[in-house]
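Structure record follows, encoded as structure tokens.
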Amino acid sequence: MARGFNKVIIMGNLTRDPEIRYTASNKAYARFTIAVGRTWKGSNGELQEHTDFIPVVVWGPQAENCERYLGKGRAVLVEGSINTRSYETQQGEKRYVTEVQALGVTFLGGGRRDEGGASPSRGGDVGSFREGGFDKPGPKQDADDFPLDISEYEGGEESGEEEADIPF
């Protein structure tokens, strides 16, 4: 059998707060669903939109952090693999579940508010990054939401140096 490669990277917004549970051996796991939107032009030239709802499971201390710091609407980046499992219902029917087994969850946008929900006014929506662009804050973002300031690097407009010619 040939070796395969199973790696998934998704970015989207939580559809509800993470649900945490513990196994019989007291190992934490959290489940949540991420809404991932995509846009394309259809054959008729009109803009088409679709949202996929992707179930995610994360284990261990990271599961507890997800439960503690994530809330509905919060933007996240998940790295992991696709996992398929099956179970049998009480009626004897076999059911299959496909989900992302998270190896890492990166919290994006603003943090939780004191009352426990995600803070959309601080860039908690992935769409706000796309709409506002990366060069200036959009209507739902602050400049502090971005993890890096390009002006700090040499060769930027603010450093007074000329840009280098790139041969491609």
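What the table below lists for this structure:
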quantity: Within the stretch 34-47, tally of residues that are out of contact with any Lys or Arg (no Cβ under 7 Å at 6 or more places or on another chain), free of Cβ contacts under 8 Å to residues at least 24 places away in the same chain and assigned to a strand (DSSP E or B); calculated: 5
quantity: Odd one out for Gly109, checked against (1) in contact with a helix residue (DSSP H, G or I) (Cβ under 8 Å, 6 or more places away or on another chain); (2) modelled with pLDDT of 95 or more; calculated: (2)
quantity: Count of residues meeting criterion [farther than 15 Å from Thr106 by Cα and in a strand (DSSP E or B)] in the stretch 4-30; calculated: 6
quantity: Whichever residue in the stretch 22-37 is surrounded by 11 or more Cβ atoms within 10 Å (Cβ to Cβ) and of a type in the set (Ser, Thr, Tyr) and, among such residues, is farthest from Thr98 (Cα to Cα); calculated: Tyr22
quantity: Subset of the stretch 41-56 [within 26 Å of Ser81 (Cβ to Cβ) and exposed (fewer than 10 other Cβ atoms within 10 Å of the Cβ)]; calculated: His50
quantity: Residue pairs meeting the criteria (Cβ under 8 Å; at least 6 apart or on separate chains; first in contact (Cβ under 8 Å) with a residue 24 or more places away in the chain, in the stretch 49-64; second loosely packed, with under 15 Cβ neighbours inside 10 Å and assigned to a loop (DSSP other than H, G, I, E, B)); calculated: Trp59/Lys27; Gly60/Lys27
quantity: All positions within the stretch 68-103 that are of a type in the set (Phe, Trp, Tyr) and outside any strand (DSSP E or B); calculated: Tyr69
quantity: Answer residue from the stretch 73-88, given it is under 12 Å from the mean Cα position of the chain (by Cα) and of a type outside the set (A, V, I, L, M) and is surrounded by the fewest Cβ atoms within 10 Å (Cβ to Cβ) among those; calculated: Glu79
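For (1) of a type in the set (Asp, Glu); (2) in contact with a Phe, Trp or Tyr (Cβ under 7 Å, 6 or more places away or on another chain), each residue gets a yes or a no:
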position: Ala30; (1), (2): no, no
position: Thr33; (1), (2): no, yes
position: Ser43; (1), (2): no, no
position: Glu46; (1), (2): yes, no
position: Glu49; (1), (2): yes, no
position: Val57; (1), (2): no, yes
position: Leu77; (1), (2): no, no
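The values are calculated or read from the model by the stated rules, or taken from the named source; none is laboratory data. Computed from a prediction, not measured in an experiment: that's the story for all the values here. No Cβ is skipped: glycine too gets one built from the backbone with ideal geometry, and neighbour counts run over all protein chains shown.
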